[in-house]
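Below is one structure, written out as structure tokens; comments come after it.
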There are 2 protein chains.
Amino acid sequence: MAERYLRSIRLLAECFHAFERQSGANIRCRTGLTPSQFDIIATLGNTCGMSFKELGERTLITKGTLTGVIDRLEEKGLVTRVTQVEDRRSTLVKLTAAGDAEFHRVFSQQIAFGKQSFVNYEAQDFDALDRELTKLHANLTGSEPKQKY
Amino acid sequence: MAERYLRSIRLLAECFHAFERQSGANIRCRTGLTPSQFDIIATLGNTCGMSFKELGERTLITKGTLTGVIDRLEEKGLVTRVTQVEDRRSTLVKLTAAGDAEFHRVFSQQIAFGKQSFVNYEAQDFDALDRELTKLHANLTGSEPKQKY
DNA sequence: TATTGTTATACTCTATAACTATA
DNA sequence: TATAGTTATAGAGTATAACAATA
């Protein structure tokens, strides 16, 4: 007999993949950014920038990979590297003016796009979903979820 | 004001990431399978096989890409191609005995590990969670979730 | 010695378009 | 003509390990 929880986890994974792939396809279609690049731009948006280390932890991209992703974003003029004076091993990555403009343009597009999936949702639908997900998260990690966006 | 749905999507992503981390630095590392390859194995598990077309639709991998992914799984001896007699354009992809064994091996590992996270869940807790996730999936994809595991 | 980021390697995924075989 | 799958192409992501500079 299959364990009861597997059905729930499978549903969770399918929902996440469905959203990720939909939004990933949308990003590739409507912007010149890959999902990883978008993740970086979204993470840097509305911040003063952050180190490779922090950026890697937030986006779950390993440092060797991150170097290449940042290289490409720098070539596009969307981010810059700034060596830190306090600790010269560390490099700050931040959005350029163009990167910030792109962030607001793309992010608002992305919000508008994702919104389409929830046209049938009323306040109580969101509440019910959030309640179950928050409970699930608490059981998975023993803690409250962190706010990323 | 941030769109209401963003909170729910963020929760979804955090739950998924939490589960992946919890389930032991994720199945993919332990199996030697890439995410796409694992997706194929999981999709083919407990089925009689399916065509490239159907497999592509389920996993959202485009046909050109799918050829390469299936090639690598075939090299590993986990899947086979079977030309269809009814329509010789179509090719059935199915798990080999080794692929089926791998599917069940990973599956049982997942059962044993993930179970711990749900010690507090009763039947009605699972039902409530599944109800919300099924509704979410329907809105994200316009269809019922496909059973993968 | 430990940490931060880079480089090198080798592989995989990705979309797209042109192609072959079959219908 | 249309469909199923393959091949070719050119990029991008991925993990890993070895490396340099700095602490």
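The values are calculated or read from the model by the stated rules, or taken from the named source; none is laboratory data. The structure displayed is predicted, hence computed values, not measured ones. Please note: Cβ atoms are built from the backbone with ideal geometry, for glycine as well, and neighbour counts cover all protein chains shown. Just the protein is used for accessible areas: all its heavy atoms, side chains included, with ligands, DNA and RNA removed. Shrake-Rupley method; radii C 1.70, N 1.55, O 1.52, S 1.80 Å.
Tabulated data
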| read-out | value |
| --- | --- |
| Global geometry of the protein assembly as shown, whether rounded, prolate or oblate, following the gyration tensor of its Cα atoms and the 1.5 cut on a/c | prolate |
| Local net charge near residue A:108, Cβ-Cβ under 13 Å (Lys/Arg +1, Asp/Glu -1) | 0 |
| Per residue, in Å², the accessible surface of region B:36-137 once ligands and nucleic acids are set aside, probe 1.4 Å | 52 |
| Carbon + sulfur, % of accessible area of chain A - ligands and nucleic acids excluded, 1.4 Å | 52 |
| Cross-link pairs beyond the 25 Å C-alpha cut-off, checked among A:63/A:94; B:53/B:115; A:76/B:53 | B:53/B:115; A:76/B:53 |
| Order of exposure, largest accessible area first, which applies to A:115, A:63, A:53 with probe 1.4 Å | A:63, A:53, A:115 |
| Interface burial for A against B (accessible surface, 1.4 Å probe, total of both chains, Å², rounded to 100) | 5400 |
| Relative contact order (%) - chain B, alpha-carbon pairs under 8 angstrom, separation at least six | 24 |
| Kirkwood estimate for chain A, i.e. one over the average of 1/r between Cα atoms, Å | 17.6 |
